[in-house]
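Inspection log for the structure reproduced underneath, given as structure tokens.
The values are calculated or read from the model by the stated rules, or taken from the named source; none is laboratory data. Predicted model only: the values in this text are computed from it and were never measured. Note that we place each Cβ from the backbone using ideal geometry, even for glycine, and neighbour counts take in every protein chain shown.
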Amino acid sequence: MSSPQQRLNSVANQLAPGSARQKILAKNPDDVVITYLARTPLTKARKGGLKDTTVDDLLISLLTTVREKSNLDPNLVEDVCVGNVLCPGSAYVARSAVLAAGYPVTAAASIANRFCSSGLLAVQNIANQIIAGSIDVGVAVGAESMSKNADGGAPEMSERITKHPIASQNSQPMGQTSENVANQFNISREQHDRFAANSFQKAERAQKAGWLEDEIVPVRTQIKDPKTGEVKDIVVVRDDGIRYGTTPESLGKVRAAFPQWAPSATTGGNASQITDGAAALVLMKRSRAQQLGQPIVAKFCGATVSGLEPRIMGIGPSLAIPKILSKFNLSKDDIDIFEINEAFSSMGVYCVNKLGLDESKVNPRGGAIAFGHPLGATGARQVVTALSELRRQDKRVAVTSMCVGTGMGMAGIFVSEH
Amino acid sequence: MLHYRTQGYNGCAVKYSPFFDNRLAVASSSNFGLVGNGRLHILELTANGIQPLKWFTTQDSLYDLAWSEIHENQVLAASGDGSIKLFDCTANDFPISNWKEHAREVFSVSWNPVAKDRFCSSSWDGTVRIWSPHRPQSLLTLPTHSCTYSASFCPHSPDIISCVTSDSYVRVFDLRTPASASNHLVTQIPIHAGPPAPAIPGQPGGPAPPAEALTHDWNKYRPTVLATAGVDRAIRTFDIRAPQQGPLSTMLGHEYAVRKLAWSPHLSNVLLSASYDMTCRVWSDRSDVAGGDMDMMRAGPVVGAELGRMGRHTEFVTGVDWCLFGSEGWCASVGWDENLYVWDVRATMS
């Protein structure tokens, strides 16, 4: 039966029904909560500190840190879902890395892949298993080594796809979809560069102020000197993609990355960087966390996905964000931080304008243009960043969202309980 | 106006006996139903005012009651411990039957007025259950997946059952439909949704945010009409033949959640409500002047009229019921102020 407190709450809610925001801030025993979360540094693919680290080793390093730092008995972890896009045989890698990171044989593993939303999909998968009662405790991870597993784009597909008016759009490279967005919605090169410079400047401020240290756990790995071939042990501790002093003018000098597609406004400077990295979250019900004495960092409220034409896949967040807000009866003013993946400046500019977002609430620490977009990791990385920033600002509610290749958008809502 | 004090127990529901014109029962709970005992009072209206005939004390709070339609001395009570108890006024102390299947608080019980060997219950556990007084287990479980504050058999058909839930829906089940994935669910009406046509400016009835529905009742004369109310303070009537049409009528005026609704057993357009704003109000849905339900639907929701108001309670009013006998207009109300009043609604009307 219900406790007197639950009965009182139910009457209190009948008397003064809380706003939608109050409802998601409420703490109920069956909430899915995050008890520990962290990310690795994000480093440039083929150049940065993680360039010689495979996804296997990246996962082992991060999962070992989770095991050691979370103060959670590893025997309680029932499933680990790894968001990953590019690694071949990723299901082998995921389960093997879980075991090599010191988890017992009873800890299962699986892979989630919905391109750039894989990390958030992994969170949703673990949360859904907890809600359904399939498991009590799980870990959601996003991990990608773009150094070791290059993005080869779409495979050869059947004629019925390549001749289909919409399905055939999935063979377009992501760069082309960015130019499509810029073309269709008249987003100028200047808007692109201003958006990108803003991201760099916010990230520079965050890094110099040490805010990112709250998100990052170090990775102990090896690196090979490209000239001498010498292999040495290093500890990677910081993001290396943030170019200090970036301005719209300096980005204006970068030449177009895709001269073959009009309006050719996307450049290496105003698109997301190719990067290695990973992030992880430990999830369980609030009642379980309280039973185990685990600290409750945040609450996962829910996530959703929506589809659109693949040729303008970048604007996915402009559909997914209203969808998730409407599911919780929230308005954009109820949200303290929007963490929107900056795959390209074109989609970033469009989504912020289309949704009419307050720019100071969007990616306050910068985004993928400044520190990179390791495809499978981003969805989980954004949660780590958003929750760390909510703690710093002493705010509560974050929406994370990203566009997804092949024409989708995903969005999720998280509440910080710092 | 007659008065009785349910000393130490806060009233949660009141019902007149369908057999005796002078008998009524009150379900009540100590500490406002939050923690502690419950008590079922059987009371009689006498020349010397309201006199207790008997009471039964229970371990947990009692939230609702229903008189048996086949046995004049038997009453069902809905308990906070998830059980449903059948008491007999001629027996002492203990229930003569006890059904325990609901996993959380039972918030309503309703006896089938047509097929009188059945009753139903609804619970915080997100189910409505159908029972026979002769069977130890429930006959059927209808899932709602949402805290279900009120369930009721249709007084015009033995097989139609309705409920309202905290997710702001009215659900209608028809037990004659084959058991299938839909679990006999035939109609689901979003209470908060407005009419499909653009709302006329200044007229209520447009879409509103969903709000917990706490109570509903079937009209006694119009077989397809029911009224709902709840946390959003609005009373709405719906025709289950046209679930997409939005409300037939809306009645606005209560200042806090509406806890209980009862259609008049005498007049097809009159409705009584009890609210957390400490008042009972009498309403007309104006179906008597609008020219029938079909006309009301075409014109969009009609704004009902408040006919009278009773303000004697000094705490939340949680239960009202009409007397079936004698001259039309007598009713009873109970509330958290431990007071039962028996009064004539005509005295509140100007």
Working only within the range A:3-38, note down all residues that are in contact with a Lys or Arg (Cβ under 7 Å, 6 or more places away or on another chain) and either β-branched (Val, Ile, Thr) or in a helix (DSSP H, G or I) (or both). A:Leu25, A:Val32, A:Val33
Could you list, in sequence order, the residues of the range B:58-89 that are surrounded by fewer than 24 Cβ atoms within 10 Å (Cβ to Cβ), more than 14 Å from chain A (Cβ to nearest Cβ) and more than 17 Å from the chain's Cα centre (by Cα)? B:Ile70, B:His71, B:Glu72, B:Asn73, B:Gln74, B:Leu86, B:Asp88, B:Cys89
Considering only strands (runs of 3 or more DSSP E) fully contained in the range B:138-196, which possess at least 2 residues that are assigned by TED's automatic domain parsing to the domain that holds B:Arg118 and buried (at least 22 other Cβ atoms within 10 Å of the Cβ)? B:148-153, B:160-165, B:169-174
Which numbered condition in (1) surrounded by fewer than 18 Cβ atoms within 10 Å (Cβ to Cβ); (2) of a type in the set (D, E, K, R); (3) within 14 Å of chain B (Cβ to nearest Cβ) is the only one that A:Arg7 fails? (1)
Quick test for you: out of B:Leu43, B:Leu62, pick the one residue that is in contact (Cβ under 8 Å) with a residue 60 or more places away in the chain, under 17 Å from B:Thr318 (Cβ atoms) and not charged (D, E, K, R). B:Leu43
For A:Asn71, indicate whether it is in a loop (DSSP other than H, G, I, E, B), in contact (Cβ under 8 Å) with a residue 12 or more places away in the chain and within 14 Å of another protein chain (Cβ to nearest Cβ). no
Those residues of the range B:209-225 which are over 15 Å from the mean Cα position of the chain (by Cα) and within 11 Å of chain A (Cβ to nearest Cβ), in sequence order: B:Pro209, B:Pro210, B:Ala211
Scan of the range B:227-241 for residues that are more than 14 Å from chain A (Cβ to nearest Cβ), more than 14 Å from B:Arg286 (Cα to Cα) and assigned to a strand (DSSP E or B), ordered by number: B:Thr228, B:Asp239
Do the conditions hold for A:Gly229, that is, is it within 17 Å of A:His373 (Cβ to Cβ) and part of a loop (DSSP other than H, G, I, E, B)? no
Applying the selection to the range B:239-253, what residues are surrounded by fewer than 24 Cβ atoms within 10 Å (Cβ to Cβ) and in contact with a Ser or Thr (Cβ under 7 Å, 6 or more places away or on another chain)? B:Asp239, B:Ile240, B:Arg241, B:Pro243
Residue pairs qualifying under the 8 Å Cβ cut-off, at least six apart or on distinct chains, with the first in the range A:327-354 being within 14 Å of another protein chain (Cβ to nearest Cβ) and the second being part of a helix (DSSP H, G or I) and buried (at least 20 other Cβ atoms within 10 Å of the Cβ), are A:Phe328/A:Ile24; A:Leu330/A:Ile24; A:Ser331/A:Leu325; A:Asp334/A:Leu325
Residue in the range A:11-26 that is touching a Ser or Thr at 6+ places or on another chain (Cβ under 8 Å), of a type in the set (D, E, K, R) and surrounded by fewer than 21 Cβ atoms within 10 Å (Cβ to Cβ) present: no
Could you tell me which of the residues A:Leu355, A:Leu390, A:Leu308 is touching a Lys or Arg at 6+ places or on another chain (Cβ under 7 Å) and surrounded by fewer than 22 Cβ atoms within 10 Å (Cβ to Cβ)? A:Leu355
Residues of the range B:67-89 being closer than 17 Å to A:Met1 by Cα and part of a loop (DSSP other than H, G, I, E, B), which ones? B:Gly80, B:Asp81, B:Gly82
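Residues checked against (1) closer than 17 Å to B:Trp218 by Cα; (2) modelled with pLDDT of 95 or more:
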| residue | (1), (2) |
| --- | --- |
| B:Asp232 | no, no |
| B:Pro243 | yes, no |
| B:Met278 | no, yes |
| B:Asp285 | yes, no |
| B:Ala290 | no, no |
